[in-house]
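Right, one structure below, let's go through it.
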Amino acid sequence: MTDKICFDLRPLLARGIDPLEEVLAWAETAGANLTLDAPFNPRPLRRVLAKKGFSSEAIKLDAGHWRVRLWQEDPVRLYDEAGDEDCQGLPPLEVPVTRSGGMLHLDLRGLPPPRPLLAIMRLCMALDEALTVLAIFDRDPLYLFPELAEIGWQADAISSEPGKVVLKIFKSGPG
Amino acid sequence: MDITRDARDRLLPASIPYRFFGLAVICHVGAWGLLACYGDGLPGFIGGPGPILAALHMITLGVGASTACGAAIQLLPVASRVSLRGVGATVGIFLLLVPGLLILFHGMGAAQDLAMEIGAALVIAALGLFAWKIMDLMYRVKDMPVPPDYVWISSFALIGLLSLAGLLVADGKFGFLPRRQDIAAAHGLLAVYGFMGMLAMGFSGILLPMFTLGHPPNAVWNRRAAGLALAGLLLSVAGLLADQRTVFLIGWVLGMVAVMVHLALMRQMMKTAMRKRLGPSFLLVRLSWVMLPLSLALGLAAATGFALDRSAPLFGFILVFGWMLSFLLGVLQRILPFLASMHSGLSGGRPLMPSAFTHEKAAMTHARCHFTALFLVSCGFFFEQGGLVRLGALAGLLGALALLWFALHVWWQSHKALRAAKLVNIS
């Protein structure tokens with residue numbers, strides 16, 4: 001499994017250097033784990049990457065600061081089941097899942113709709129034991145609540161701030 | 001269920017989308033009812049005022065445009081993370097649309113020019129306002145990977161079709177158009193393949209993976225399908241307007257390629273679907289996927305003059321009732337309980353399951369009757385038997401009443417859930 005790589009393009013662009021070749025080299029190495037920081041929404045770069053099979057989403061974090069997350073269309077198992085005994089048996093997801101304190105943790109920020117919903121639903125439907133899932137979204141996943149209710153799960157908000165909503169997702173009790 | 005204020009801003013009050021969906025369900029009953037009474041004239045129909053034209057517009061405007069309004073104003077803000085500005089305008093759209101449709105249907109049915117002009121003016125104002133609200137929202141969307149192309153194309157197609165509708169109504173009074181039939185055909189293409197088709201293809205990339213729990217369509221190929229569909233639509237419409245048959249046919253073939261790419265993406269999504277029991281709503285959606293390429297094949301047959309007497313009217317029927325109506329009703333069957341479930345959790349409690357709002361028997365009756373209606377009416381076209389068309393329309397009417405029952409059930413269950421939540425909050 002490759003580590004998550006965050007590549008800040010701003011210093012290169014400030015010096016007038018075209019970062020295209022370096023980004024392409026990083027994309028080859030990092031696969032779907034690449035995040036780019038740029039001073040603007042780099043649409044031409046995203047188009048080049050799209051031709052190489054990468055989808056991307058850009059979010060404006062601040063004035064002059066955009067974050068671009070890249071992912072590959074054919075879902076790739078981003079966590080290594082063999083190397084992480086605790087998470088064995090989970091379905092293939094687009095984000096790493098870690099287990100601590102008896103809870104599964106996953107960060108779904110940056111994934112475009114409906115991928116966060118699909119990741120949670122795949123995870124919950126695959127879990128046999130009544131584990132609690134702690135998931136971070138970049139906004140309230142409004143469509144998720146009815147779908148969870150349908151399979152007997154529910155969600156409570158733990159914290160909520162712009163760009164970061166943390167939900168505790170667990171099996172509903174009777175009633 | 002606690003949701004943030006930002007999310008609340010994006011979720012409109014339930015009454016706003018539901019009033020459009022309610023209008024769609026009622027117009028659906030009206031359209032099949034009209035065909036059950038006057039369907040004898042359907043096999044040879046080539047346009048012109050009368051009950052058939054009114055029934056056709058009850059489907060395209062009454063069911064299609066109303067569902068598009070309700071779905072887009074509710075789903076786009078949630079999917080795009082951008083709130084709709086001036087929610088009051090959505091009430092304005094509805095207040096213009098309802099009298100506009102009533103007057104227009106009356107004008108078309110009774111061949112009254114003045115009523116048609118007033119009704120058309122009100123409907124054009126309503127849908128023009130809708131296009132403006134959607135374009136205003138899309139302009140503020142920073143990044144939304146899949147649907148924006150489709151939503152933009154759909155919005156421009158809506159403006160184009162409204163302009164042609166205005167021309168057609170004016171021509172009815174002053175008679176200045178040299179090739180009215182071609183303008184009417186371009187208006188129809190922009191309405192069904194352009195406005196409704198693009199919106200349907202765009203929402204399919206978000207809603208259908210959500211409902212089936214399958215992989216969303218490949219973003220790169222989805223964008224290519226949108227590009228092909230745009231090129232196909234532009235060339236077909238330009239070919240019709242400029243009387244250039246070759247340009248029209250090139251556009252038509254490009255449209256067929258776009259549809260094939262879209263259907264391949266949908267097939268891929270269904271193969272990865274985790275939810276296997278999708279209910280009657282997906283019977284209708286699957287039927288629409290068969291009807292879409294069939295409509296294009298029939299359109300090509302009609303355009304090349306092959307069995308024109310049968311292929312031309314059958315093309316119109318399969319396109320509007322076979323593809324568009326099947327898809328919209330399938331989505332409506334799924335989205336009505338889904339929205340009710342979403343709103344049931346807003347008062348702080350646990351949301352009720354969408355299936356708690358679903359009347360399975362009514363949904364299945366509706367789907368069965370819809371299949372029967374399509375089969376019988378198509379046979380009526382093929383054998384040029386008005387009686388078969390009316391029999392099919394009766395089946396359609398029965399199905400439409402079942403869907404009305406289904407919608408009333410959702411409304412009643414929502415009402416009960418809200419009342420129960422209020423009692424819990426008070427105690």
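Rounded to the nearest 20 debye, the dipole magnitude of the protein assembly as shown is 720 debye, with +1 charges on Lys and Arg beta carbons, -1 on Asp and Glu beta carbons, and the Cα centre as origin. Separation of region B:358-427 from region B:77-147 is 25 Å, based on Cα centroids.
Would you mind estimating how fast the protein assembly as shown diffuses translationally, via Stokes-Einstein at 20 °C and 1.002 mPa s with the Kirkwood radius over Cα pairs, in µm²/s?
Numbers: Rh = 25.4 Å.
Here the translational diffusion coefficient equals 84 µm²/s.
Rounded to the nearest whole Hz, the Karplus-based 3J(HN,Hα) values (6.51 cos²θ - 1.76 cosθ + 1.60, θ = phi - 60°) of region B:128-140 follow the sequence x, 5, 4, 4, 5, 5, 5, 5, 4, 5, 5, 5, 8, with x at glycine and proline.
One equal scatterer on each Cα of region B:276-359, no solvent, Debye formula: the resulting log10 I(q)/I(0) at q = 0.13, 0.14, 0.26 Å⁻¹ is -0.54, -0.59, -1.08.
Taking Cα atoms, how many degrees apart are the long axis of helix B:15-38 and the longest axis of chain B, rounded to 10 and kept between 0 and 90? It is inclined by approximately 40 degrees. Under 5 Å between amide hydrogens, built in the peptide plane, is the criterion, and for A:G110 it picks out A:D138 among residues at least 5 positions away or on other chains.
Going from the residue with the fewest nearby Cβ atoms within 10 Å to the one with the most, B:E384, A:E147, B:E117 rank B:E384, B:E117, A:E147. Greater than 29 Å separation of Cα atoms is the criterion. Which listed pairs, B:K276/B:K361; B:K142/B:K276; A:K168/B:K133; A:K60/A:K168, meet it? Exceeds cut-off: B:K142/B:K276; A:K168/B:K133. Radius of gyration (Cα atoms) of region B:133-197, expressed as a multiple of 2.2 N^0.38 Å: 1.37.
With 0.36 nm allotted per residue and the present C-alpha distance subtracted, the B:M364-B:D113 stretch has 86.3 nm of extension available.
Taking the Cα atoms only, what angle lies between the long axis of helix B:279-303 and the longest principal axis of chain B, rounded to 10 degrees? The answer is roughly 20 degrees. The alpha carbons of region B:206-291 occupy a box of 48, 27, 15 Å along the principal axes, longest dimension given first.
With springs connecting C-alpha atoms under 10 Å apart, model chain B as a Gaussian network and identify which of B:D113, B:D171, B:D309 has the largest mean-square fluctuation. Of B:D113, B:D171, B:D309, the Gaussian network model singles out B:D171 as fluctuating most. With N the number of residues in region A:85-171, Rg(Cα) / (2.2 N^0.38 Å) evaluates to 0.99. Farthest toward the positive end of the dipole of the protein assembly as shown, out of B:A121, A:G64, B:A14, is the Cα of B:A121, where the dipole comes from beta carbon charges about the Cα centre.
Remark: B:M256, A:M103 ranked as A:M103, B:M256, counting other beta-carbon atoms within 10 Å and listing the fewest first.
Per the Cauchy relation, a quarter of the hull surface: what is the mean projected area of the convex hull of the alpha carbons in chain B, in nm²? Kindly include the intermediate steps, with their values, before the conclusion.
On the way: hull surface 77.8 nm².
Reported value for the Cα convex hull: 19.5 nm².
When the helices of the protein assembly as shown are scored as -39500 (n - 2.57) per DSSP H run of n ≥ 4 and the total is divided over every residue, the value at 222 nm lands at -20500 deg cm²/dmol. The fraction of Cα-Cα pairs per 10 angstrom bin, counted from 0 for region B:329-400, comes to 21, 32, 22, 15, 8, 2 percent, rounded to whole percents.
Rule-based calculations on the coordinates, nothing more; no lab input. Everything numeric in this text was worked out from a predicted model, so none of it was measured. With ideal geometry, Cβ positions are generated from the backbone for all residues, glycine too; neighbour counts draw on all protein chains shown.
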